[in-house]
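Okay, so here's the structure we're looking at.
The values are calculated or read from the model by the stated rules, or taken from the named source; none is laboratory data. As the structure is a prediction and not an experimental result, all values here were calculated from the model. Virtual Cβ from ideal backbone geometry, glycine too; neighbours counted across all protein chains shown. In case anyone asks, the SASA skips ligands and DNA or RNA and just uses the protein heavy atoms, side chains included. Shrake-Rupley method; radii C 1.70, N 1.55, O 1.52, S 1.80 Å.
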Amino acid sequence: MKKYKLLINFVYFSNIKLLDKAKHILASLEPNVGLTLAIQVPYYDELNQVTIDFEEAMEKAKNGDRVEIAKRNQIRTTVIDALLQIKAFLELNYGSDYVTLVSSGYDLQKERTPIGELPTPANIQLTSTQERCIMVNIKAVKGAKMYVCEYGLANEEATQLIVNSKSTFKITDLPSASIFRVRAAAVGTGSSRNFTQYKTVVVS
């Protein structure tokens, strides 16, 4: 089965090109019957909002004010982060679905030679030094296209999944003084995932 990946060269885009690309992706994902009616695309609403904020910040920065330029650049980073989160989600769930990926608004290229099943990540570390937040760090795995983190309250069965192109995660808006269990896995071109053992942490 062929695997595909989406290009992530947003950091090289001009502000105008990045804004246009974000708008194009938003428009492409919204009417996608095969995708958005079947599942909820994570970070879509966030991308929509930061794209609006970015356009407003670009307009304010036209006068050359250094404060406004700094605000624009900060929001630009947030736009790129949201685009990368959606990209990771699409590749994880639709990596072999050419039609869905090509209609997502992202630029597409074929995956390189598959590496196969990836090993379990080593040294998962959990910290909660910020209020209502957990930081998750694992050792990077060679050949990983992205990483997935699964977390939930220690006394409940329900869990949530988040994906990232890097081997670190920041889980926010958690209830203080709660105990969470967390595990993670590297995602390659194969369908299997080798998760770490669950570790627990108390949320600050």
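For the stretch 1-30, taking the residues that are open to solvent by 90 Å² or more (accessible area, probe 1.4 Å) and not basic (Lys, Arg), the one that is modelled with the highest pLDDT is identified as ILE16. Residues of the stretch 47-68 that are open to solvent by 50 Å² or more (accessible area, probe 1.4 Å), farther than 13 Å from LYS23 by Cα and not in a loop (DSSP other than H, G, I, E, B): GLU56, GLU59, LYS60, LYS62, ASN63, ARG66, VAL67. In this structure, is THR189 touching a Pro at 6+ places or on another chain (Cβ under 6 Å) and closer than 30 Å to SER28 by Cβ? It is true that THR189 is touching a Pro at 6+ places or on another chain (Cβ under 6 Å) and closer than 30 Å to SER28 by Cβ. State whether the residues of the stretch 128-144 include one that is in contact (Cβ under 8 Å) with a residue 40 or more places away in the chain, closer than 17 Å to ILE8 by Cα and within 14 Å of the chain's Cα centre (by Cα). No, the stretch 128-144 contains no residue that is in contact (Cβ under 8 Å) with a residue 40 or more places away in the chain, closer than 17 Å to ILE8 by Cα and within 14 Å of the chain's Cα centre (by Cα).
Where strands (runs of 3 or more DSSP E) fall wholly inside the stretch 79-183, the ranges with 3 or more residues that are surrounded by 18 or more Cβ atoms within 10 Å (Cβ to Cβ) are 146-153, 160-164. Restricting the stretch 49-100 to residues that are within 30 Å of SER191 (Cα to Cα) and in contact with a Ser or Thr (Cβ under 7 Å, 6 or more places away or on another chain), the residue that is modelled with the lowest pLDDT is TYR94. Checked against (1) in contact with an Asp or Glu (Cβ under 7 Å, 6 or more places away or on another chain); (2) in a loop (DSSP other than H, G, I, E, B); (3) under 24 Å from TYR44 (Cα atoms), THR189 passes all but a single condition, namely (3). Could you grab me the full set of residues in the stretch 69-80 that are free of Cβ contacts under 8 Å to residues at least 24 places away in the same chain, of a type in the set (S, T, N, Q) and over 11 Å from LEU18 (Cβ atoms)? The answer is ASN73, GLN74. Within the option set TYR106, TYR98, being touching a residue at least 60 places away in the same chain (Cβ under 8 Å), farther than 24 Å from ASN48 by Cβ and of a type in the set (Phe, Trp, Tyr) holds for one residue only, TYR98.
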